[in-house]
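A short reminder: the numbers here are calculations on the coordinates, not readings from a lab. This one's a predicted model, so the numbers in the text were calculated from it and none came from an experiment. Cβ atoms come from the backbone with ideal geometry, glycine included; neighbour counts cover every protein chain shown.
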Amino acid sequence: MSILSKNIITVKEALEKSLSIPDYQRPYKWREFHVNQLLDDIIQHRHQTRYRLGTIVSYKPRHDSPAEEIVDGQQRLLTLSILCTLLDDQQQYCSPSLLRHTFNNNITQRNIEKNAELIHRRLSQLTPEEQQNIYRYLLNSCELICVTLDNLSEAFQFFDSQNARGKPLEAYDLLKAFHLREMESNSQDERQHCVKNWEDNVSPKDTLSTRPTLDTLMSKTLFPLRCWTNGEPGHVLTKSQIGIFKGISANKNTWRYTASLRTLDELVEKFNRDHSEQQAGHQQKAFPFQIDQHLINGKRFFEYIDYYGTLYDSLFNEKKSPVPELLRLLSRYEGVTRIGDRYVRNLFNCALLYYFDRFGDEYLDKAAEICFAWCYRLRLQYHRITVETIENAALSGQGLLRKIKLAHSPGDVLNYLVPKLHQNDIKGTKIDLLVNALKEKGYVKQDI
């Protein structure tokens with residue numbers, strides 16, 4: 001493989017390169033979410049000296065060829081070209097080469113028009129001075145890694161190797177990088193402490209550790225709960241959905257809705273600072289997190305994840321849990337290893353953790369019984385459990401998660417009536433232990 005060049009260049013330099021979009025490239029398909037994320041990243045980080053926007057891979061058939069074919073990076077480059085053109089319609093400072101390309105694909109044409117309208121709407125919310133500041137920052141301080149190769153198949157091989165070598169980056173790897181960048185004002189010790197806790201949670205060095213992995217905690221628990229309680233689907237955390245774990249920058253955002261968070265953040269910091277100065281070895285006061293709260297970027301995000309890892313362990317580790325008998329039942333009935341049964345168990349874990357997060361161990365045994373009946377009623381009712389089965393239950397306006405979200409006291413949850421099943425309505429298999437347990441608790445009616 002012959003790499004002609006591998007450079008870090010500014011966005012202006014990248015857009016003014018002689019670039020072409022070959023026919024084999026897929027259409028331009030960036031959605032509103034992707035465009036907003038790119039804009040938010042640029043606006044949010046415009047105070048940094050440099051900001052890296054990603055990698056571009058191109059193919060140049062001959063050393064003396066003026067044009068390069070884009071192998072990877074078309075979506076981002078085309079969006080940046082639209083953005084720059086709208087910021088500078090006279091093209092005084094930058095003339096993106098891609099916009100001289102003829103776009104014949106209907107999907108590409110439609111998405112260019114739609115995203116241009118979105119960018120125009122976003123820019124109209126800024127003053128002319130803010131627009132120009134962002135434009136200058138984008139052109140001169142935002143950077144791209146540009147890799148150019150002289151063999152097309154090798155260019156694709158390079159692209160694949162960057163995206164698939166070893167274990168691909170998970171969504172939470174990207175979140176780690178984002179929140180570390182938000183810790184510019186924190187000490188090196190604080191950043192190292194956050195990284196150590198994070199890495200210990202990814203692959204605990206203690207093989208006897210019972211703490212959940214980041215995949216279990218973030219992808220299967222916190223992510224769906226944050227989505228479901230907002231009325232949105234939350235089956236699996238992907239790279240395109242990491243925005244749900246991004247929040248406010250306490251030292252930058254001064255919007256009114258952030259005032260209480262910023263005040264609380266400052267009070268906790270001051271308390272810990274004052275007491276650590278007065279008393280050696282003082283135990284730090286924890287930030288009072290809630291699962292579905294707005295997040296504070298940086299250190300508080302890492303603390304949020306660590307806090308819920310501990311909370312999850314205290315609730316679902318049979319040796320520590322306040323409801324061990326129920327957990328033993330849910331892990332030992334005959335059909336427990338099936339995919340659908342794992343979906344139901346995950347819904348149960350989410351529901352019980354959500355209650356525990358709000359009300360602690362007060363009436364926890366009774367709340368656990370209600371969570372058990374509400375979740376495992378699905379396992380009895382349906383022969384086959386799918387993702388849609390779980391999503392429909394979790395998003396129901398009459399469901400238990402909604403009840404917990406709106407509850408002011410444990411009693412509001414304990415009064416929730418789980419619909420009873422008739423014996424003849426049971427379609428599930430390999431669930432005798434579950435059926436017997438729910439019969440004992442009065443959630444299954446014996447037909448006469």
Only bridges with both residues in the chain count here: give the DSSP antiparallel percent, nearest 5. 45 percent
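Given contacts defined as C-alpha pairs under 8 Å and at least six residues apart, what's the relative contact order of the chain, whole-number percent?
Details: 524 pairs, mean separation 64.0, N = 448.
So the answer I get is 14 percent.
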Qualifying aspartates and glutamates (Cα of each under 17 Å from Cα of Lys427; at least 8 residues distant if same chain): Glu334, Asp341, Asp447
For Lys114, counting only lysines whose alpha-carbon sits under 18 Å away and dropping same-chain residues fewer than eight positions off, the answer is Lys29
For the range 334-345, in order, what is each residue's ³J(HN,Hα) by Karplus, 6.51 cos²θ - 1.76 cosθ + 1.60 with θ = phi - 60°, in whole Hz (x at glycine and Pro)? 4, x, 4, 8, 5, 4, x, 5, 5, 4, 5, 4
Protection proxy ranking of 48-61, 254-267 - average other beta-carbon atoms within 10 Å, highest first: 48-61, 254-267
Residue by residue, what Karplus-based ³J(HN,Hα) values in Hz, rounded to whole numbers, does the range 356-373 have, using 6.51, -1.76 and 1.60 with θ = phi - 60° and x for Gly and Pro? 4, 5, 8, 10, x, 8, 5, 6, 5, 4, 6, 5, 5, 5, 5, 4, 4, 5
Calculated FRET efficiency for the pair Asp365/Leu406, C-beta based, R₀ 25 Å, to 0.05: 0.70
Would you mind computing, in nm to one decimal, how far apart the modelled labels at Asn133 and Ile8 are, each placed 7 Å from Cα along Cα→Cβ? 2.5 nm
Could you pull out the pairs from Lys246/Lys405; Lys285/Lys403; Lys220/Lys403; Lys366/Lys420; Lys270/Lys319; Lys220/Lys246 whose alpha carbons sit more than 25 Å apart here? Lys285/Lys403; Lys270/Lys319
Potential extension, His422-Glu190 segment - 0.36 nm per residue separation minus Cα distance: 77.9 nm
Here the range 230-244 yields Karplus 3J(HN,Hα) values (6.51, -1.76, 1.60; θ = phi - 60°; whole Hz; Gly and Pro given as x) of 9, x, 10, x, x, 5, 8, 7, 10, 4, 7, 10, 5, x, 5
Footprinting exposure proxy for Phe223, Phe359 (fewest neighbouring C-beta atoms within 10 Å first): Phe359, Phe223
Surface/4 estimate of mean projected area, convex hull on alpha-carbon atoms of the range 256-361, nm²: 9.2 nm²
Report the calculated FRET efficiency for Lys439 and His294 (r = Cβ-Cβ distance, R0 = 56 Å), to the nearest 0.05. 0.85
Nearest 10 degrees, 0 to 90: what angle lies between the long axis of helix 128-141 and the longest principal axis of the chain (Cα atoms)? 80 degrees
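For the range 289-448, report the convex hull volume of the alpha-carbon atoms normalised per residue, in Å³, without decimals. Intermediate values should be presented prior to the final figure.
Details: hull volume 19.6 nm³, N = 160.
Residue-normalised Cα hull volume stands at 123 Å³.
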Eligible lysines near Lys196 by straight Cα distance, threshold 19 Å, same-chain separation 8 or greater: Lys176, Lys205, Lys299
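At 222 nm, what value in deg cm²/dmol follows for the chain if DSSP H runs of at least 4 each add -39500 (n - 2.57) and the sum is divided by all its residues, to the nearest 500? Could you put the intermediate results ahead of the total?
Values: 18 runs with 223 residues, N = 448.
The helix-only estimate for the chain comes to -15500 deg cm²/dmol at 222 nm.
Given a Förster distance of 35 Å, report the FRET efficiency between Phe103 and Thr254 from their Cβ-Cβ distance, rounded to the nearest 0.05.
On the way: r = 41 Å, r/R0 = 1.18.
Here the calculated transfer efficiency is 0.25.
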Which one is right for this structure if log10 I(q)/I(0) by the Debye sum over Cα atoms at q = 0.06 Å⁻¹ is calculated from it: (i) -0.36; (ii) -0.25; (iii) -0.22? (i)
